[in-house]
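Trainee: I'd like to ask you about the structure that follows.
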Amino acid sequence: MINNTVFPFVAVVGQEEIKNALIWNVINPQIGGVLISGEKGTAKSSLARGVCKLTVDTELVELPLNTTEDRLLGNVDFEHAIRFGERRFEAGILKKADGNLLYVDEVNLLSDHLVKSLLEAASSGENIIEREGMSYRHASNFVLVGSMNPEEGGLRPQFLDRFGLYVEVKGEVDTRVRAEIVRRRIDYERNPLAFEQKWQDQIVEMSNRIERAREDLSKVVVSDNAMQLAASVVDEANCAGHRAELVIIETAKAIAAMDGRKMLNINDIKEAAKYALPHRIRDVYDQPEAPPPPPEPEESEEQQEQEQNESGNDPEDRSEQADDQVDEAEENPEQESDSEMPEDPADDQTEADDDFFQGGEETLDAPEQIFQIARWMSQTDKGTISKGSGKRSLMVTSSLQGRYVRNRCPVKGEIRDIAIDATLRTAAPYQRYREKNDMAIAINQSDIRVKIREKRTGNTIIFVVDASGSMGANKRMKAVKGAAISMLNDAYQKRDKVGMIVFKNHSAELVLGVTRSVELAEKKLTALPTGGRTPLAAGLNMAVEVVKAGKIKDKDMLPVIVLISDGRATYSDQGKDAFEEALKAAGRIRAEKIKTIVIDTDQSFIKLNLAEKLAVQMDADRYQIEELQANSLMTAVSLSL
Amino acid sequence: MKKNIKIYPFTAIVGQEKMKLALILNVINPSLGGVLIRGEKGTAKSTAVRALADLLPERDQVEACKFSCDPLNTDQACSECLEKIKNDQFKTVQTKMKVIDLPVSATEDRVVGTLDIEHAIKKGEKRFEAGILAQANRNILYVDEVNLLDDHVVDILLDSAAMGVNTIEREGISYTHPAKFTLVGTMNPEEGDLRPQLLDRFGLVVDVLGEGDIGQRVEVIKRRLDFEKESDVFHQGFNQEQTTLADTIQKAVEFLPDVSFDDQLLEIIAKISTALGVDGHRADIVMMKTAMTIAAYHGRAEVTKEDVKEAAGYVLPHRMRKRPFDDSQFNQSSIEEIVNELVG
């Protein structure tokens, strides 16, 4: 309806990987969709829209971020129910998407609950509703295209696995290519119709090719060999489950069909593997929340060592090295059975392989950073802090803020934040029998449903730093300042807030109120005085106060106290035993159930293990750091969360 | 719209030329992607945005359409207008472009629109109640303290800003309407940063500082006092300038399609972006469009290197990858250096 003209698919410069993945999915919906991960402004959504224009029968159906569960799955049509007193199913997005392409922009920001329902339908091809007195099912076969920006957090691995293919996009680097992108974009915006006209021939050619490939798809023969090769490639890559093999085969079929071939060849399988494996390779640490790891097959340690010895980090060599492995994989099936596959000349492969492994090279850095986030995320699993959903910082909130995703029956007595749509749906079928007092609809107490809202929150990290005259105070302050600012600066952790309390002489001071601003932190932390005695208890007590004050403002905040001290308390403002008092303060923290981390800076020859005692008292994680630096501090904090 | 709140005249704002130009450019060319104005309190940020209302051009719209649909652009029309246009049953009226406020406290349903509850209960029918995004179509959407906006509202803004369409799938309502707006945000960076993704959505960014010159500062106070004493008289004093600027903007709007550029400039732009390590291609596209709009504003038919240089100053600062311990001051000067070197 809106946006009849779309930037033509064929006019998009570069981005061949996304184009391929989309075309193959349109040819063969069995592939199971594609997840496109990458920077903003890389034509992701234009391409998704564009590919639909290349077919006659595929439409783009959108799943916006504001979607509520009833619209995704479908629900009772309350208009009909009021008028006729019967429950009629009103189809939702999953019905609309049947036979079409379902596009979810920013899929990583979607509520877990919706993602789950979505992927269930995607893999079963059916939407089953059993609720609110309704029993209904309908087919829901669609090509799922998701896009995400990893800067905003990852997707859970079980969700990742449901996407058939995975493509990572990057902007073009070549200046001439970049210039061409701008030229076409400006051309298009000046006159979209004329621009489309200019590309008409290529649009028609491409859509004919796709149409032909769709017809030919069923004629593509999958030999045992191909299956075995797929299996061994998957095995080599250390992927979990069997979905990967199936996806590779289905993708390879689409590739062959697009090429007008009826036989699969080795290159098809390899090409398919490039798209099907990256997000499925198991992480070394087998982290349950692991992000998309690099699209490089996991190698045994021995091989890695060997590789390092032989080739260092040269990408050329790496690809050759890995090439050998794939070759091995190819050889196996060939030995075991008569090969129906065309023998592939070695030089033909190299090009594809180089891409494959260079692709792996490029993405090597990124996951390391996301990996940290994965560790951050796991905190909610411990259940000590909140009833979070396990995904970092996305949680059900009891406040009136947040995104309305679902509804529920109110717990007795508590009726606020009414979900009016759900309430109407519940009440609707009974309207024919109710007294209505000139209204169209009468609502009983029992009809009322309330909203379930979700909200994303980051951690609020409060550093409590010992600035007393003990050794290395200056250096310590520098390290903490560095860590605080990097945490704020790091785009991945934008939702985190940081505050800092310093204790020295006779009191504690809130030198940086809880903030998200890098600028403010830099300003406030320019000069941090040190020296004097160690009023540890005052520092801890202030931290509790800051957390309590924060909770009043934001009920859902996730506070984390990071104590940096050797535990040698030397001052009590009440003239009591300073350490005893600190222990008491620590007990308060424990009673408030605040997540705490102790960074033990005790560097003296005879260790008194005071910080350890405090940590035990607070039920805190403790790290002994010899050489306190911003980096080590950040690592310790993120390990603990 | 209430007209009784007297708006400070745009042309009476002392100094802040960069901010003023960025706003004007976005009025001339709504496809630039808006502007984010960063700065301390009391630097006339909000005043400037609100003052813009007076200078906004008139344009055609389908009568009584709540999305202000353009009768000549069926590609971006709502379903009702599309129907009307097809059957030739509509009237065209001239309306002024508006500044629509998005308050920081706005809830998600008010922003995207929702089920009309009154209608549902009285009539038992589903009806879509339009939200702020509906009003914002073809207008300026202004978010004061944009950095304090709730995350999920930001998500929604990103969603519709991307395609110029607002798709509603909530509370039993399924509806789509055009939502192409110029996003203008103001913020005080001391109160927290913006999410990188939202930051990238803003075509241009301006950092404002208080005026340093004593004479200028005195002038700021004098004008403000005059305005508060007798706003009518004050307005009259600037009538001439206001009209002139509004005319210039109108002319630039008409002239913009005729502005052309040398292909070589595109490569210079690409080089600048690559040298500065800018993500994606939006920076390149916006830089060229901004340069074209600057040329149109000056009534020039050809984009010059100087235009590109000027555009770079608005487009790049917020798009460079920020690293910890980076001094933003250094960033600013390195942009200028690199741009100067490449543009020659």
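The values are calculated or read from the model by the stated rules, or taken from the named source; none is laboratory data. Quick caveat, the model's predicted, so the values are computed rather than measured. Note: ideal-geometry Cβ built from the backbone for every residue, glycine included; neighbour counts use all protein chains shown.
Trainee: What is the residue count in segment B:184-199 for residues that are surrounded by fewer than 23 Cβ atoms within 10 Å (Cβ to Cβ) and touching a residue at least 60 places away in the same chain (Cβ under 8 Å)?
Mentor: Within segment B:184-199, residues that are surrounded by fewer than 23 Cβ atoms within 10 Å (Cβ to Cβ) and touching a residue at least 60 places away in the same chain (Cβ under 8 Å) number 5.
Trainee: Under 6 Å by Cβ, and 6 or more places apart or on different chains, what pairs join a residue from segment A:25-48 that is assigned by TED's automatic domain parsing to the domain that holds residue A:106 and under 18 Å from residue A:118 (Cβ atoms) with one that is of a type in the set (Lys, Arg) and buried (at least 23 other Cβ atoms within 10 Å of the Cβ)?
Mentor: A:36/A:44
Trainee: If you go through segment A:267-278 one residue at a time, how many are aliphatic (A, V, I, L, M) and either assigned to a loop (DSSP other than H, G, I, E, B) or modelled with pLDDT under 90 (or both)? Spell out the reasoning first.
Mentor: Restricting attention to segment A:267-278, the residues satisfying the condition of being aliphatic (A, V, I, L, M) are A:269, A:272-273, A:276-277.
Imposing the further condition that a residue be either assigned to a loop (DSSP other than H, G, I, E, B) or modelled with pLDDT under 90 (or both) reduces the set to A:277.
Residues that pass the stated criteria total 1.
Trainee: Residue B:25 is checked against (1) touching a Ser or Thr at 6+ places or on another chain (Cβ under 7 Å); (2) within 14 Å of chain A (Cβ to nearest Cβ) and fails just one. What number does that condition carry?
Mentor: Only one criterion is unmet by residue B:25, namely (2).
Trainee: Residues in segment A:163-170: is at least one crowded, with 18+ Cβ neighbours inside 10 Å and within 8 Å of chain B (Cβ to nearest Cβ)? Talk me through it step by step, then tell me what you get.
Mentor: First, the residues of segment A:163-170 that are crowded, with 18+ Cβ neighbours inside 10 Å: A:163-169.
Retained after the next criterion (residues that are within 8 Å of chain B (Cβ to nearest Cβ)): none.
No, segment A:163-170 contains no residue that is crowded, with 18+ Cβ neighbours inside 10 Å and within 8 Å of chain B (Cβ to nearest Cβ).
Trainee: Condition first: within 10 Å of chain A (Cβ to nearest Cβ) and either more than 23 Å from the chain's Cα centre (by Cα) or not basic (Lys, Arg) (or both). Now tell me which residues in segment B:287-297 satisfy that.
Mentor: Initial filter on segment B:287-297 (within 10 Å of chain A (Cβ to nearest Cβ)): B:287-289, B:292.
Hits for segment B:287-297 are B:287, B:288, B:292.
Trainee: Just checking, how many residues over segment A:513-538 are part of a helix (DSSP H, G or I) and within 14 Å of another protein chain (Cβ to nearest Cβ)? So that I can check it myself, show each step before the final result.
Mentor: Going through segment A:513-538, the residues part of a helix (DSSP H, G or I) turn out to be A:518-524, A:536-538.
Filter again for within 14 Å of another protein chain (Cβ to nearest Cβ), leaving A:518-524.
Going through segment A:513-538 one residue at a time, the tally reaches 7.
Trainee: Touching a residue at least 12 places away in the same chain (Cβ under 8 Å) and more than 9 Å from every other protein chain (Cβ to nearest Cβ), is that true of residue B:204? Spell out the reasoning first.
Mentor: Details: touching a residue at least 12 places away in the same chain (Cβ under 8 Å): yes; more than 9 Å from every other protein chain (Cβ to nearest Cβ): yes.
For residue B:204, the condition - touching a residue at least 12 places away in the same chain (Cβ under 8 Å) and more than 9 Å from every other protein chain (Cβ to nearest Cβ) - is met.
Trainee: Identify, from the list A:544, A:560, A:637, the residue that is in contact with a helix residue (DSSP H, G or I) (Cβ under 8 Å, 6 or more places away or on another chain), surrounded by 15 or more Cβ atoms within 10 Å (Cβ to Cβ), modelled with pLDDT under 85 and within 30 Å of residue A:402 (Cβ to Cβ).
Mentor: Details: A:544 fails: modelled with pLDDT under 85; A:560 fails: modelled with pLDDT under 85.
That would be A:637, the only listed residue that is in contact with a helix residue (DSSP H, G or I) (Cβ under 8 Å, 6 or more places away or on another chain), surrounded by 15 or more Cβ atoms within 10 Å (Cβ to Cβ), modelled with pLDDT under 85 and within 30 Å of residue A:402 (Cβ to Cβ).
Trainee: Another question, if that's okay. Filter segment B:66-89 for residues that are assigned to a loop (DSSP other than H, G, I, E, B) and crowded, with 18+ Cβ neighbours inside 10 Å and give the result. Before you say what the answer is, go through the steps one by one.
Mentor: First, the residues of segment B:66-89 that are assigned to a loop (DSSP other than H, G, I, E, B): B:66-73, B:77-78, B:87-89.
B:67, B:68, B:69, B:70, B:71, B:77, B:78, listed by residue number.
Trainee: Follow-up question, since we're still on this one. Just to be sure before I move on: is residue B:244 of a type in the set (Ser, Thr, Tyr) and within 29 Å of residue B:317 (Cβ to Cβ) in the structure I sent? Write out each step before concluding.
Mentor: Details: of a type in the set (Ser, Thr, Tyr): yes; within 29 Å of residue B:317 (Cβ to Cβ): no.
In short, no.
Trainee: Which of the residues that make up segment B:223-245 are surrounded by 15 or more Cβ atoms within 10 Å (Cβ to Cβ), closer than 10 Å to residue B:11 by Cα and out of contact with any Pro (no Cβ under 8 Å at 6 or more places or on another chain)?
Mentor: If the condition is that a residue be surrounded by 15 or more Cβ atoms within 10 Å (Cβ to Cβ), closer than 10 Å to residue B:11 by Cα and out of contact with any Pro (no Cβ under 8 Å at 6 or more places or on another chain), then B:245 is the only one that fits.
Trainee: Could you grab me the full set of residues in segment A:20-39 that are closer than 14 Å to residue A:146 by Cα and either surrounded by fewer than 24 Cβ atoms within 10 Å (Cβ to Cβ) or touching a strand residue (DSSP E or B) at 6+ places or on another chain (Cβ under 6 Å) (or both)?
Mentor: A:21, A:25, A:32, A:33, A:34, A:35, A:36, A:37, A:38, A:39, listed by residue number.
Trainee: Are any residues in segment B:90-118 in a loop (DSSP other than H, G, I, E, B) and within 12 Å of chain A (Cβ to nearest Cβ), and if so, which ones? Spell out the reasoning first.
Mentor: The initial filter retains those residues of segment B:90-118 that are in a loop (DSSP other than H, G, I, E, B), namely B:90-91, B:97-98, B:102-107, B:113, B:116.
Selection gives B:104, B:105, B:106, B:107, B:113, B:116.
Trainee: Next up: Among B:41, B:18, B:6, B:45, which is the only one that is surrounded by fewer than 21 Cβ atoms within 10 Å (Cβ to Cβ), out of contact with any helix residue (DSSP H, G or I) (no Cβ under 6 Å at 6 or more places or on another chain) and closer than 16 Å to residue B:224 by Cβ? Walk me through it before giving the result.
Mentor: Numbers: B:18 fails: closer than 16 Å to residue B:224 by Cβ; B:6 fails: out of contact with any helix residue (DSSP H, G or I) (no Cβ under 6 Å at 6 or more places or on another chain); B:45 fails: surrounded by fewer than 21 Cβ atoms within 10 Å (Cβ to Cβ).
One residue alone meets the criteria, B:41.
Trainee: Among the residues of segment A:143-155, is there at least one that is in contact with a strand residue (DSSP E or B) (Cβ under 6 Å, 6 or more places away or on another chain), more than 14 Å from chain B (Cβ to nearest Cβ), closer than 27 Å to residue A:12 by Cα and assigned to a loop (DSSP other than H, G, I, E, B)?
Mentor: No: zero hits.
So that you can scan it fast, the table gives a plain yes or no per residue for (1) under 33 Å from the mean Cα position of the chain (by Cα); (2) of a type in the set (Lys, Arg); (3) assigned to a helix (DSSP H, G or I); (4) modelled with pLDDT of 90 or more:
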residue	(1), (2), (3), (4)
A:194	no, no, yes, yes
A:202	no, no, yes, yes
A:212	no, yes, yes, yes
A:284	yes, no, no, no
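Trainee: Another question about this same structure. For residues that are under 15 Å from residue B:107 (Cα atoms) and outside any helix (DSSP H, G or I), scanning just segment B:145-170, find the one that is farthest from the other protein chains (Cβ to nearest Cβ). I'd like the intermediate steps shown before the answer.
Mentor: Start the filter on segment B:145-170 by keeping residues that are under 15 Å from residue B:107 (Cα atoms), which leaves B:146, B:148-157, B:168, B:170.
Then keep just the ones that are outside any helix (DSSP H, G or I); that gives B:149-150, B:168, B:170.
Working: B:149: 11, B:150: 6, B:168: 6, B:170: 4 Å.
Once the filter is applied, the top-ranked residue is B:149.
Trainee: May I ask you to list the residues in segment B:269-286 that are of a type outside the set (Lys, Arg) and at the interface with another protein chain (Cβ under 9 Å from one of its Cβ atoms)?
Mentor: The initial filter retains those residues of segment B:269-286 that are of a type outside the set (Lys, Arg), namely B:269-270, B:272-281, B:283-286.
The answer is B:269, B:270, B:273, B:274, B:278, B:279, B:280, B:281, B:283, B:284, B:285.
Trainee: Let me ask you something else. Do we find that residue A:63 is of a type outside the set (Phe, Trp, Tyr) and closer than 21 Å to residue B:151 by Cβ in this structure?
Mentor: Values: of a type outside the set (Phe, Trp, Tyr): yes; closer than 21 Å to residue B:151 by Cβ: yes.
Against the criterion (of a type outside the set (Phe, Trp, Tyr) and closer than 21 Å to residue B:151 by Cβ), residue A:63 qualifies.
Trainee: Here's something else I'd like to know. Which residues, counting only those in segment A:113-148, are closer than 30 Å to residue A:496 by Cα, polar (S, T, N, Q) and surrounded by fewer than 22 Cβ atoms within 10 Å (Cβ to Cβ)?
Mentor: Within segment A:113-148, A:117 is the sole residue that qualifies.
Trainee: Yes or no: residue B:211 assigned to a loop (DSSP other than H, G, I, E, B), under 20 Å from residue B:47 (Cβ atoms) and in contact with an Asp or Glu (Cβ under 9 Å, 6 or more places away or on another chain)?
Mentor: Values: assigned to a loop (DSSP other than H, G, I, E, B): yes; under 20 Å from residue B:47 (Cβ atoms): yes; in contact with an Asp or Glu (Cβ under 9 Å, 6 or more places away or on another chain): yes.
So residue B:211 fits the description; yes.
Trainee: Test residue B:121 against the criterion of being of a type in the set (A, V, I, L, M), crowded, with 23+ Cβ neighbours inside 10 Å, farther than 29 Å from residue B:55 by Cα and within 11 Å of chain A (Cβ to nearest Cβ), and give yes or no. Full working, then the answer.
Mentor: Values: of a type in the set (A, V, I, L, M): yes; crowded, with 23+ Cβ neighbours inside 10 Å: no; farther than 29 Å from residue B:55 by Cα: yes; within 11 Å of chain A (Cβ to nearest Cβ): yes.
When the stated conditions are applied, residue B:121 does not pass them.
Trainee: How many residues, within segment A:413-443, are out of contact with any helix residue (DSSP H, G or I) (no Cβ under 7 Å at 6 or more places or on another chain) and of a type outside the set (Gly, Ala, Ser)?
Mentor: Residues meeting the conditions: 13.
Trainee: State the number of residues belonging to segment B:112-138 that are small (Gly, Ala, Ser) and more than 12 Å from residue B:173 (Cβ to Cβ).
Mentor: To start, the set of residues in segment B:112-138 that are small (Gly, Ala, Ser) comprises B:113, B:120, B:124, B:130-131, B:134, B:136.
Among the residues that remain, those that are also more than 12 Å from residue B:173 (Cβ to Cβ) are: B:124, B:134, B:136.
Counting residues in segment B:112-138 that are small (Gly, Ala, Ser) and more than 12 Å from residue B:173 (Cβ to Cβ) gives 3.
Trainee: Mind listing whichever residues of segment B:124-144 are within 12 Å of another protein chain (Cβ to nearest Cβ) and in a loop (DSSP other than H, G, I, E, B)?
Mentor: Scanning segment B:124-144 gives B:124, B:125, B:126, B:127, B:131, B:137.
Trainee: Also: For segment B:171-207, how many residues meet the condition of being part of a strand (DSSP E or B) and within 25 Å of residue B:285 (Cβ to Cβ)? Show your work before the answer.
Mentor: Let us first name the residues in segment B:171-207 that are part of a strand (DSSP E or B), namely B:173-178, B:182-187, B:204-207.
Next cut, within 25 Å of residue B:285 (Cβ to Cβ) only: B:178, B:182-187, B:204-207.
Selection size over segment B:171-207: 11.
Trainee: I'd like to know if segment A:93-107 contains one or more residues that are facing chain B (nearest Cβ under 10 Å) and either assigned to a helix (DSSP H, G or I) or small (Gly, Ala, Ser) (or both).
Mentor: yes
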